[in-house]
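Structure first, commentary second.
The values are calculated or read from the model by the stated rules, or taken from the named source; none is laboratory data. Since we're looking at a predicted model, the values are computed, not measured. We place every Cβ from the backbone using ideal geometry, glycine too, and count neighbours over all the protein chains shown. Protein only, heavy atoms only, side chains kept; ligands, DNA and RNA dropped before computing areas. Shrake-Rupley method; radii C 1.70, N 1.55, O 1.52, S 1.80 Å.
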Amino acid sequence: VPDILRKRLDQLSKLDLQIIYPIHPRTKNVIEKNAILLPNNIQIIEPVGWLELMSLGHNSKFIITDSGGLQKEALWLKKQCLTIRDQTEWIETIQQGVNYIVKVDENISIPDLSIGDFSNTYGDGNASEKITEIILKIIN
């Protein structure tokens, strides 16, 4: 894990922009335990709650993540996403041109922010109301 983390941080160091990184405590421990140096363009902050994370995402140019959930939330925020993993469970976001897989041995670059289909293929956000209507029809 430390070697992969070093490679990922090296990838991010090549981006000509400031990165805000709400660090997970386990990742912070790996950095400290292995004396991994952080690139100058990465600003570490303490973990944040979901609302603050969404605010950070909303105010960003694009999102870089290894989180499955944040990939999907990037779509809802209408933000391009660089996924620093070898695969994703959200293949629709890749097909829509709004999420890009960046493998550990690849160069990382800023996505073209002017392209992509941000239509929500996951629904309209009203699933609970629709389920309630169906249940009420069944029991009435």
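What net charge is computed for the residues neighbouring Thr88, neighbours being all others with C-beta under 12 Å from the C-beta of Thr88, Lys and Arg scored +1, Asp and Glu -1?
Summing Lys/Arg as +1 and Asp/Glu as -1 gives -1.
Please name which of Asn34, Pro22, Ile44 has its Cα lying farthest along the dipole of segment 1-56 towards the positive end, using unit charges on Cβ (Lys, Arg +1; Asp, Glu -1) and the Cα centre as origin.
Asn34
Charges at C-beta only: +1 for Lys and Arg, -1 for Asp and Glu. How large is the resulting dipole of the chain about its Cα centre, in Debye rounded to 20?
260 debye
Leaving out ligands, DNA and RNA, what percent of the accessible area of the chain is carbon and sulfur, probe 1.4 Å?
The nonpolar share, carbon plus sulfur, comes to 56 percent.
Where in segment 110-130 does the label zone of Trp76 land, with the point 7 angstrom along Cα→C-beta and an amide N cut-off under 15 Å?
Residues passing the 15 Å test: 119-129.
Suppose R0 equals 41 Å. What FRET efficiency, 1/(1 + (r/R0)^6) with r the Cβ-Cβ distance, do Ser109 and Thr132 give to the nearest 0.05?
0.35
Gly68: net charge of surrounding residues, Cβ under 9 Å, Lys/Arg +1, Asp/Glu -1, itself excluded?
Net of charged neighbours comes to 0.
How far is helix 127-139 tilted, in degrees, relative to the longest principal axis of the Cα atoms in the chain, given as a value from 0 to 90 rounded to the nearest 10?
The helix 127-139 is inclined about 30 degrees to the chain.
Taking the chain, how many lysine pairs are there with alpha carbons less than 18 Å apart, if each pair must be eight or more places apart or span two chains?
Summing the qualifying lysine pairs gives 8.
Could you tell me which residue out of Gly125, Gly69, Ser114 lies farthest along the dipole of the chain toward its positive end? Charges go on the beta carbon: Lys and Arg +1, Asp and Glu -1, centred on the Cα centre.
The Cα lying farthest towards the positive end belongs to Gly69.
Please say if segment 73-140 is rounded, prolate or oblate, where rounded means a/c under 1.5 for a ≥ b ≥ c the square roots of the C-alpha gyration tensor eigenvalues, and otherwise the choice is prolate for a/b larger than b/c and oblate otherwise?
Verdict is prolate for segment 73-140.
Using a cut-off of 10 Å between beta-carbons, work out the net charge of the residues near Asn41 (Lys and Arg +1, Asp and Glu -1, Asn41 not included).
0
Excluding ligands, DNA and RNA, what is the solvent-accessible area per residue of segment 34-132 at a probe of 1.4 Å, expressed in Å²?
I get 60 Å² per residue for segment 34-132.
Just tell me the longest site-free run in the chain, where the sites are GluC sites (Glu not before Pro) in a DSSP loop having at most 16 other beta-carbon atoms within 10 Å.
Here the longest segment lacking exposed loop sites spans 1-88.
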